[in-house]
Amino acid sequence: MTQTLYFSVLLITLCSLSECIQRRYHHINMMMNWTEAQKYCRENYADLATVNNINDMKQLIESNVLIGLYRSSVYKWKWSLGDPVKYTNWYNGDSNGSGQCVYMRNGSWYHQDCNMKIRFICYNDNLILIQMNLSWSEALRYCRENHVDLVSVDSEKIQFMVTDVINESSTDAVWMGLRHSCAVGLWFWVNGEMVCYQNWAPGNETAVDDCDREVKSGAVQSGDHCWISLPQSYKLNFICIRK
């Protein structure tokens, strides 16, 4: 789409206790009203941008762009995705203007008629770093019980997202949803995909000779972001796919 310019630029990590959510912002160079922008973001990303804290604001200084905040009642503001409003940055502290939607200019928030067309910001945040040290099987169970699954890094795009979210890891490597089958001598992803895209550290793809001792699983190193083969009993941080 020639009218669309994606700037996949701003990466932040929002941490709460043991879970860190990777949020990725996308500046969309198209003129839409708030409802149209919300629909576009939901179809192509997660939603219109949510701003939860000052760190978000530092990453999103931009002139005249819609964000996902709207007035749901006379004195109540709400984020498009339903997140609670934990942080605001109104121009002159005024949250009671006449506009029902919000745009951002040079870091400050302004009221706007929801029908006005303006550029906007979408976001994704579907990966979560879990800062708990668990075995591979424990990590798989945790992800499936609390989120969706351990992440399957089956494309360069997912690898790029993983390299951003692991910056806050407390272990030298982080579990991903990669497992070795000794029966057939193959690596496979927990989402059912075969391993086509690869980013192995030298020698690790074939480092599975001790199958009789313990099954090997795949982890991504927090330093060089290459994949390594480790016994599944090792205790590491891990990355889940968020609901």
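The values are calculated or read from the model by the stated rules, or taken from the named source; none is laboratory data. Computed from a prediction, not measured in an experiment: that's the story for all the values here. So basically every Cβ, Gly included, is an ideal-geometry build from the backbone, and we count neighbours across all protein chains shown.
Just for strands (runs of 3 or more DSSP E) wholly inside the range 89-181: which have at least 1 residues that are more than 27 Å from residue 54 (Cβ to Cβ)? Break it down stepwise before answering.
Values: elements: 101-105, 108-112, 118-134, 173-181.
Where strands (runs of 3 or more DSSP E) fall fully within the range 89-181 and carry at least 1 residues being more than 27 Å from residue 54 (Cβ to Cβ), they are 118-134, 173-181.
Which number in (1) at pLDDT 90 or above; (2) under 20 Å from residue 24 (Cα atoms); (3) small (Gly, Ala, Ser) marks the one condition that residue 82 misses?
Exception for residue 82: condition (1).
Whether any residue in the range 109-132 is farther than 30 Å from residue 71 by Cα and either more than 14 Å from the chain's Cα centre (by Cα) or among the basic types (Lys, Arg) (or both) is what I want to check. Let's see the steps before the verdict.
To start, the set of residues in the range 109-132 that are farther than 30 Å from residue 71 by Cα comprises 129-132.
Now restrict to residues that are either more than 14 Å from the chain's Cα centre (by Cα) or among the basic types (Lys, Arg) (or both): 131-132.
Yes, because at least one residue in the range 109-132 is farther than 30 Å from residue 71 by Cα and either more than 14 Å from the chain's Cα centre (by Cα) or among the basic types (Lys, Arg) (or both).
Considering only residues that are crowded, with 24+ Cβ neighbours inside 10 Å and at pLDDT 95 or above, look in the range 121-142 and name the one that is nearest to residue 216 (Cα to Cα).
136
Looking at the range 186-193, can you tell me whether even one residue there is in contact with a Phe, Trp or Tyr (Cβ under 9 Å, 6 or more places away or on another chain), hydrophobic (A, V, I, L, M, F, W, C) and surrounded by 15 or more Cβ atoms within 10 Å (Cβ to Cβ)? So that I can check it myself, show each step before the final result.
The initial filter retains those residues of the range 186-193 that are in contact with a Phe, Trp or Tyr (Cβ under 9 Å, 6 or more places away or on another chain), namely none.
Taking every residue of the range 186-193 in turn, none turns out to be in contact with a Phe, Trp or Tyr (Cβ under 9 Å, 6 or more places away or on another chain), hydrophobic (A, V, I, L, M, F, W, C) and surrounded by 15 or more Cβ atoms within 10 Å (Cβ to Cβ).
For the range 2-55, which positions are aromatic (Phe, Trp, Tyr) and at pLDDT 65 or above? Quick ask: steps written out before the conclusion?
Step one: of the range 2-55, the residues aromatic (Phe, Trp, Tyr) are 6-7, 25, 34, 40, 45.
Within the range 2-55, 25, 34, 40, 45 qualify.
A quick yes/no check of all residues on (1) closer than 25 Å to residue 124 by Cβ; (2) modelled with pLDDT under 95; (3) not assigned by TED's automatic domain parsing to the domain that holds residue 143:
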{"site": "176", "(1), (2), (3)": "yes, no, no"}
{"site": "179", "(1), (2), (3)": "no, yes, no"}
{"site": "191", "(1), (2), (3)": "yes, yes, no"}
{"site": "202", "(1), (2), (3)": "no, yes, no"}
{"site": "205", "(1), (2), (3)": "no, yes, no"}
{"site": "210", "(1), (2), (3)": "no, yes, no"}
{"site": "220", "(1), (2), (3)": "yes, no, no"}
{"site": "231", "(1), (2), (3)": "no, yes, no"}
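Can you tell me which residue is modelled with the lowest pLDDT among those in the range 233-243 that are assigned to a strand (DSSP E or B) and in contact with a His (Cβ under 7 Å, 6 or more places away or on another chain)? Steps first, please.
Initially, the range 233-243 is screened for residues assigned to a strand (DSSP E or B), giving 236-241.
Add one more test, that the residue is in contact with a His (Cβ under 7 Å, 6 or more places away or on another chain), and what stays is 240-241.
Details: 240: 94, 241: 90.
Taking the candidates together, the pick is 241.
Could you tell me whether any residue of the range 34-56 is over 18 Å from residue 118 (Cβ atoms), in contact with a Phe, Trp or Tyr (Cβ under 8 Å, 6 or more places away or on another chain) and loosely packed, with under 13 Cβ neighbours inside 10 Å? Show your work before the answer.
First, the residues of the range 34-56 that are over 18 Å from residue 118 (Cβ atoms): 43, 46, 52-56.
Still in the running and in contact with a Phe, Trp or Tyr (Cβ under 8 Å, 6 or more places away or on another chain): 46, 52-54, 56.
If we keep only those that are loosely packed, with under 13 Cβ neighbours inside 10 Å too, we end up with 53-54.
Yes, there is a match, as at least one residue in the range 34-56 is over 18 Å from residue 118 (Cβ atoms), in contact with a Phe, Trp or Tyr (Cβ under 8 Å, 6 or more places away or on another chain) and loosely packed, with under 13 Cβ neighbours inside 10 Å.
Output the number of residues of the range 152-166 satisfying the condition of being over 12 Å from residue 130 (Cα atoms), under 13 Å from the mean Cα position of the chain (by Cα) and either surrounded by 16 or more Cβ atoms within 10 Å (Cβ to Cβ) or in contact (Cβ under 8 Å) with a residue 24 or more places away in the chain (or both).
Narrowing the range 152-166 to residues over 12 Å from residue 130 (Cα atoms): 152-164.
From what is left, the residues that are under 13 Å from the mean Cα position of the chain (by Cα) are 157-164.
Now restrict to residues that are either surrounded by 16 or more Cβ atoms within 10 Å (Cβ to Cβ) or in contact (Cβ under 8 Å) with a residue 24 or more places away in the chain (or both): 158-159, 161-164.
Number satisfying all stated conditions: 6.
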